[in-house]
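Report on the structure given below.
The values are calculated or read from the model by the stated rules, or taken from the named source; none is laboratory data. Quick caveat: nothing in here was measured; it's all calculated off a predicted structure. Note that we place each Cβ from the backbone using ideal geometry, even for glycine, and neighbour counts take in every protein chain shown.
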C-alpha cells in the first residue's frame, strides 16, 4: 500500500506568516501522498470584529450563527485555503484546495439541538474516499478547509481535528495512513508547564491511567479520543506534536505517538 | 466527442439570490459536461466598504491592490464559489469549486506595468487541460472563481470572461465546446435601448460592419473580441445572452450566436 500522511495544522501556525512558510517548506518535502487540513486561526475573529459581527460564545464554545458562517466560509475556504494552495504550488507541490462541499468530499449534518444550538456546525456522515483517492493518484496534494455541507445547500463549520480523523478513517483501507495532529505544544506532556516532559508513546491502558491521574485533562481529552477513534478505524498511527517539528514527528523523533498497545 | 458547455455568469445573477437559484436550476438541468465560471458581483465592494478599504479606480477600472486582492480572494473563492457549489450539490450536480491555483488549473502572470499598474491582475498563460478533463470524466461539474496564480505563490485577480475563454480554448480539442457568456442583456442589440432588437448571428465580416456603424461599442467590443478569439482557437460556438434564458440560449432560441461565417 502507498503511504499517506494526513497533517492537521492549527491556528498558531496559520496566524504567523514566517511559521506558516517554514511549515509549508517542511510539508512540501514530505514524501508520499499527503493531505493538509487547516483550522481557522485568529483571522476570522479579526474580520468579524472589523465587520462589527459579535461572536456568540456558549460555555466557551463559539456559536456559528449565519453571520459567523459567512465569515468562516470567506476566511477559511477563501483567504487561508487559497493562500496555502498558492504557496504550495510555489514549492512544487501540486495542491488542490477543498471544502467538504467540493466534489461532495465530506457530507455532514447540522448538529442536533440538544441543550445548546451551536448553529451551523456539522457532524460528519461520509467521506467520498474514491474521489479523494483519484485525486491523490493523480499526484495532487489535498488541502482541506474546515467547512462541510449537508447536501441540501447548507455549508457547515466543522472541527478540523474531526475532518482529519474522518478522512484518515475513510482512506485507511486504501493507504498506509499516518495522522498527525500538530498544535502549539511538543506533544502530550507529563507536566503541562514543561515542554521537555513529552510522553513518547500512549496506548489505551496508559491513556486511562493518565486521565485518572489528571495528567491529561480539558482540551487534550477530545484530541486523544479522536486519535484512539482513528486507530480503531484502521489508521496506522497517530502522532501529536509541534508543527514546527514536522519532519521529526513523521520520523518518530518528536511528539507523542498514539498506538494500539 | 462529448459535448461541453462552459457558461460564464456575471454579477447581476450573483447579487440576486432568487435569480441565482433559478439560474442554478437551469444550469443543473444542462445535459453533458459543464463548467461554470462566475464573476464577482457587488458583494466584494460591499465587504471592502465595510472593512474601510477604499477601491482605487484608474480610467474606470478597479485596481487590485494587496488589500483588494485579499477581499476578492475571500469573497470570490470563499463566499460565492462555495455557496454555488453547495447549492449545485443540493440539485444533484456534483460540483467542485476551483481557482486557477487549485491543481495548477490556470497559470497566469501579473500584467506588465505599462502606463498603469493594475496591481495583482493576472493574464492567463496556461490551462491544465488534462487535469480539467480528468475531473469532467469523473462526472464532476467545475465551478471557477475568477482568481488565478503565478506559480510563485501569488494569487491574481483575473477577468472571468477571459477565464471562460481560456478554458474553452484549452478543452476544445477534447470536447465539442460551446461557450456561453451570459450578462444582463438579451444579446448583442441593434439598438442598445431595445431588448427586442437582438442580433441573432454575427460573423467576422458583420462584426466589422457593426463596429463601423457604431452599433457595437464600448464594453461589447472586448466581449466580442474574446468570442471571436475563442472561435479561432477551436471552440464550436459562442453564445451571448441573458442568464435567465440559459436553456433557450443553449437551444439557439435566444441570444446572439457568434459564428465563423
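Going through the range B:165-187 one residue at a time, which ones are part of a loop (DSSP other than H, G, I, E, B) and closer than 17 Å to residue B:229 by Cα?
B:172, B:173
Using the structure shown, decide if residue B:103 is within 26 Å of residue A:108 (Cβ to Cβ), outside any helix (DSSP H, G or I) and touching a residue at least 24 places away in the same chain (Cβ under 8 Å).
So residue B:103 fails the test.
Of the residues making up the range B:216-232, just one is touching a residue at least 24 places away in the same chain (Cβ under 8 Å) and not in a helix (DSSP H, G or I), namely B:216.
Against the test of being within 11 Å of chain A (Cβ to nearest Cβ), surrounded by fewer than 23 Cβ atoms within 10 Å (Cβ to Cβ) and part of a loop (DSSP other than H, G, I, E, B), the options B:117, B:139 yield a single qualifying residue, B:139.
Among the residues of the range B:28-36, none qualifies, meaning not one is more than 23 Å from residue B:243 (Cα to Cα) and away from chain A (no Cβ under 13 Å). For the range A:37-56, a residue qualifies if it is at positive phi and within 13 Å of chain B (Cβ to nearest Cβ), and exactly one does: A:52. Pull up the range B:144-164, narrow it to residues that are surrounded by fewer than 24 Cβ atoms within 10 Å (Cβ to Cβ), on the phi < 0 side of the Ramachandran plot and not in a helix (DSSP H, G or I), then point me to the one that is modelled with the lowest pLDDT. Residue satisfying both the conditions and the ranking: B:159. In the condition set (1) buried (at least 19 other Cβ atoms within 10 Å of the Cβ); (2) on the phi > 0 side of the Ramachandran plot, residue A:181 is compliant with all but (2). Determine, yes or no, whether residue B:80 is part of a strand (DSSP E or B), modelled with pLDDT of 95 or more, within 19 Å of residue B:158 (Cα to Cα) and touching a strand residue (DSSP E or B) at 6+ places or on another chain (Cβ under 9 Å). Taking the combined requirement at face value, the residue does not satisfy it.
Inclusion of residue A:258 among residues that are in contact with a helix residue (DSSP H, G or I) (Cβ under 9 Å, 6 or more places away or on another chain) and on the phi < 0 side of the Ramachandran plot is warranted. Within the range A:1-50, the set of residues being modelled with pLDDT under 90 and farther than 30 Å from residue B:47 by Cα comprises just one member, A:1.
For residue B:106, are the conditions met, namely being surrounded by fewer than 24 Cβ atoms within 10 Å (Cβ to Cβ) and more than 9 Å from chain A (Cβ to nearest Cβ)? Judged against the criteria, residue B:106 is not a match. Highlighted here are the strands (runs of 3 or more DSSP E) found entirely within the range B:1-66 that include at least 1 residues which are farther than 30 Å from residue B:251 by Cα: B:56-58, B:61-63. Residues in the range A:84-100 that are more than 7 Å from every other protein chain (Cβ to nearest Cβ) and either farther than 17 Å from residue B:85 by Cβ or in contact (Cβ under 8 Å) with a residue 60 or more places away in the chain (or both): A:84, A:88, A:91, A:92, A:93, A:95, A:100. Only a single criterion out of (1) within 14 Å of chain B (Cβ to nearest Cβ); (2) without any contact (Cβ under 8 Å) to a residue 60 or more places away in the chain; (3) surrounded by 21 or more Cβ atoms within 10 Å (Cβ to Cβ); (4) assigned to a strand (DSSP E or B) is not satisfied by residue A:124, namely (1). You will find that of B:160, B:164, B:145, B:168, the residue that is within 14 Å of chain A (Cβ to nearest Cβ) and in contact (Cβ under 8 Å) with a residue 60 or more places away in the chain is B:145 and no other. The residues listed here are B:173, B:134; of these, the one that is touching a helix residue (DSSP H, G or I) at 6+ places or on another chain (Cβ under 9 Å), surrounded by fewer than 18 Cβ atoms within 10 Å (Cβ to Cβ) and within 11 Å of another protein chain (Cβ to nearest Cβ) is B:134.
The number of residues in the range B:57-82 that are more than 7 Å from chain A (Cβ to nearest Cβ) and free of Cβ contacts under 8 Å to residues at least 40 places away in the same chain comes to 5.
Quick grid of which residues meet (1) part of a helix (DSSP H, G or I); (2) touching a strand residue (DSSP E or B) at 6+ places or on another chain (Cβ under 7 Å); (3) surrounded by 13 or more Cβ atoms within 10 Å (Cβ to Cβ):
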residue: B:194; (1), (2), (3): no, no, no
residue: B:208; (1), (2), (3): yes, no, no
residue: B:214; (1), (2), (3): no, no, no
residue: B:234; (1), (2), (3): no, no, yes
residue: B:245; (1), (2), (3): yes, no, yes
residue: B:261; (1), (2), (3): no, no, no
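Among the conditions (1) modelled with pLDDT under 90; (2) within 20 Å of residue B:162 (Cβ to Cβ), residue B:192 misses just one, which is (2).
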